[in-house]
1. Restricting to Cα pairs below 8 Å that are 6+ residues apart, what does the relative contact order work out to for the chain? Please round to a whole percent.
2. In the set (i) 1.03; (ii) 1.32; (iii) 1.11, which value of Cα Rg over 2.2 N^0.38 Å was calculated from the structure you see?
3. Dimensions of segment 97-196 along principal axes (Cα, Å, largest first)?
4. With the alpha-carbon atoms as the only input, what is the per residue convex hull volume for segment 1-90 in Å³?
5. Under a point spin-label approximation (7 Å from Cα along Cα-to-Cβ), what is the ASP140-ALA126 distance to one decimal in nm?
6. Run the quick spin-label model on LEU111 and LYS195: label points 7 Å from Cα toward the beta carbon, then report their separation in nm to one decimal.
7. Under unit Cβ charges (Lys, Arg +1; Asp, Glu -1), what dipole magnitude, rounded to 20 debye, does segment 1-61 have relative to its Cα centre?
8. Would you check the accessible area of ARG53, probe 1.4 Å, heavy atoms only, in square angstrom rounded to 10?
Amino acid sequence: PDGAVLWRGVLQAEQHDYQAARRSFQDGRDALQYYPKDVVARIRLAMAETFYRTGDLQAARDEFEQIDDDLLSRSDDGAVDLLRSRVYQEMGEAPQAKEFLEQALNSGNRLVRVQAEYDQVERQLADKEIPTRDAINRLDRLRYAWRGDDFEIKLLRRLGELQIEDGDYRNGLLALKQVAQNFPKSKEGQEARRKM
């Protein structure tokens, strides 16, 4: 088994090239048996994320169910909780999703906590547990908690959409303008420009 293929998959997943990572993980899977358990746990986390991002919820679940949480850092443990929450939510298992989301909200990883808060706002909004104005206020606070990557783009775009939906056209357009100006080459930046 070629361990290099497995590590290439980890790198591709970190670069968000999930289709390529999926192929690498499938080709290199047999090499997992040659690594220490703590290393395998981290690789399985990357595999689970990759399968989730490529729409294979069952494969993602199979991977994270094989992860021994005791072998992960507190930061990685939070990432697994967030991923479990998302997979269970999409599989229609809301109680498990909520339980793991609560754990992710208490993660030692700041990015995981911010993403978990975003997910919680979206779920509460979808379930009509909070009004749009509350969702806007909570997402607006998250703007300053994490900056400069794909998550910021998603957050600003969603914030702009909600503000426009709530009748706050000025701030909604400003949020979309930020996406368009700061991330002009991204798909979201181009979409924000079209919406404006």
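1. Computed value for the chain: 10 percent relative contact order.
2. So the structure-derived entry is (iii).
3. The Cα atoms of segment 97-196 stretch 38, 27, 19 Å along their principal axes.
4. Details: hull volume 7.2 nm³, N = 90.
Cα convex hull per residue, to the nearest whole number: 81 Å³.
5. Each label point is offset 7 Å from its Cα along the Cβ direction, giving 2.5 nm.
6. Once both label points are built, they end up 2.3 nm from each other.
7. Details: 9 positive and 8 negative charges, 30 e Å.
Once rounded to the nearest 20, the dipole reads 140 debye.
8. The value for ARG53 is about 120 Å².
The values are calculated or read from the model by the stated rules, or taken from the named source; none is laboratory data. Quantities reported herein were computed from a predicted structural model and do not represent experimental measurements. Every residue, glycine among them, receives a Cβ derived from its backbone with ideal geometry; neighbour counts consider all protein chains shown. Accessible surface areas use protein heavy atoms only, side chains included; no ligands, DNA or RNA. Shrake-Rupley method; radii C 1.70, N 1.55, O 1.52, S 1.80 Å.
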